[in-house]
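Encoded as structure tokens, the structure appears first; notes follow it.
No lab work stands behind these numbers, since they all come straight from the coordinates. No experiment lies behind these values; they were computed from the predicted model shown. A quick note on method: Cβ atoms are made from the backbone with ideal geometry, for glycine too, and the neighbour counts reach across all protein chains shown.
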Amino acid sequence: MGKLVAVPKRGKRSGSLPFLARVLDALRKLYGKPRPPTLTDPFDLILYENVAYLADDERRDQAFGMLRNRVGLSPEKILQAAASTLNEVGRKGIVAEQTAEKLRAIASIALEDFGGDLSAAVRREPKEAVKALRKFPSIGEPGAEKVLLFSGGAPILALDSNALRVLLRLGFGKEEKSYSNSYKSAQAAADSEIPRTCSARIEAYQLLRRHGQELCKRNHPRCEACPLRRDCVYYRTALAPAR
């Protein structure tokens, strides 16, 4: 992400919007208002995270559609599915056999620990809900928070790696050696600047993630096309010698 310089927290000026609200407004104008998420069931969201390992969104969508149409999205149907079918789904990503094993493990955990229904788990107190969701393969704390947010369980400010990079470069939080510490730092710095509703925070997740994918890339960010560069710490500091 590039080494960041700590800057004072941007406060809300009289009669103006918080900095992050203005950032999201600029991204909304650039990319358009995101569509509401198509997946809101917590079990479906966990399957989606695992269905095509290291694949892009398009291949992940294809894999999830294949799983839904050829197998079904219930734990029982996944456990009954032929290995060859699950491997075919997994080939949309890499290491198809491991994907099939993960899908079976997800189904088993859902049945054994949650009676096949995760709706009660996401209604728990957020820390307990996150702990419960982390029982599933490949679901760390950020992934569990995303599942909790998108399922309407709690308005947590979830971030993927792209969104985190954008916030850090804008000066929210501090980049640490530990990804977890960087995540928590940015999350804490930005939390008060977004309304505490699931809909507002889902939109923030979508807009920041897309910006990280399209312009604010890890390598070779396209700062010349970015509407945020004037207020971006990364642009003013890390890239200053190159300008």
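Ordering A188, F43, P227 by Cα displacement along the dipole of the chain toward the positive end leaves P227 in first place; charges were set at the Cβ atoms of Lys, Arg (+1) and Asp, Glu (-1). Of the DSSP H helices in the chain, those that are both long (alpha-carbon extent of 20 Å or more along the helix axis) and hydrophobic (Kyte-Doolittle mean at least -0.5) are 96-114.
Put a dot 7 Å past the Cα of R70, heading toward its Cβ, do the same for E224, and the two dots end up 4.4 nm apart.
What list do you get for S182, S192 if you sort them by fewest beta carbons within 10 Å?
Numbers: S182 22, S192 13.
Exposure proxy ranking, most exposed first: S192, S182.
Run the numbers for E141 and S119: contour at 0.36 nm per residue of separation, minus the present Cα-Cα distance, in nm. Walk me through the numbers before you get to the answer.
Values: separation 22, 0.36 × 22 = 7.92 nm, distance 1.82 nm.
Difference between extended and current length: 6.1 nm.
Rounded to the nearest 20 debye, the dipole size of region 93-161 about its Cα centre is 100 debye, using +1 on the Cβ of Lys and Arg and -1 on the Cβ of Asp and Glu.
Is there a quick way to get the dipole size of region 42-150? I mean about its Cα centre, with the Cβ of Lys and Arg at +1 and of Asp and Glu at -1; what is the value in debye to the nearest 20? Mind showing how you got there, number by number?
Details: 16 positive and 17 negative charges, 13 e Å.
Dipole size: approximately 60 debye.
A simple spin-label model places the labels of R22 and S199 2.6 nm from each other, with each point 7 Å out along Cα-to-Cβ. Residues Y53, Y234, arranged from fewest to most other Cβ atoms within 10 angstrom of their Cβ, appear as Y53, Y234. Per residue of the chain, the DSSP helices (runs of n ≥ 4 H) give a summed -39500 (n - 2.57) that works out to -16000 deg cm²/dmol at 222 nm.
Taking a point 7 Å out from the Cα of K33 in the direction of its Cβ, the residues of region 193-218 whose backbone N falls within less than 18 Å of it are 195-208.
Evaluate E = 1/(1 + (r/R0)^6) for K174 and D61, where r is the Cβ-Cβ distance and R0 equals 35 Å; express this FRET efficiency to the nearest 0.05.
Numbers: r = 35 Å, r/R0 = 0.99.
It comes to 0.50.
Taking other Cβ atoms within 10 Å as a rough exposure proxy, V147, V71, V51, V122 sort from fewest to most as V71, V122, V51, V147. Sorted from greatest to least, the principal axis extents spanned by the alpha carbons of region 42-150 come out as 38, 27, 20 Å.
Computed over the chain with a Gaussian network model linking Cα atoms closer than 10 Å, the most mobile of A110, A186, A225 is A225. Computed from the C-beta positions of N87 and E128 and an R0 of 30 Å, the FRET efficiency is 0.30 to the nearest 0.05. Positive end of the dipole of region 84-189 (Cβ unit charges, origin at the Cα centre): among L157, A120, I94, the Cα lying farthest that way belongs to L157. Just going by the charge dipole of the chain, with Lys and Arg at +1 and Asp and Glu at -1 on Cβ, which of G32, A21, N69 is farthest out on the positive end? Value computed over the given set: A21. Can you give me the Cα centroid spacing of region 71-108 and region 172-188 in angstrom? Region 71-108 and region 172-188 have Cα centres separated by 34 Å.
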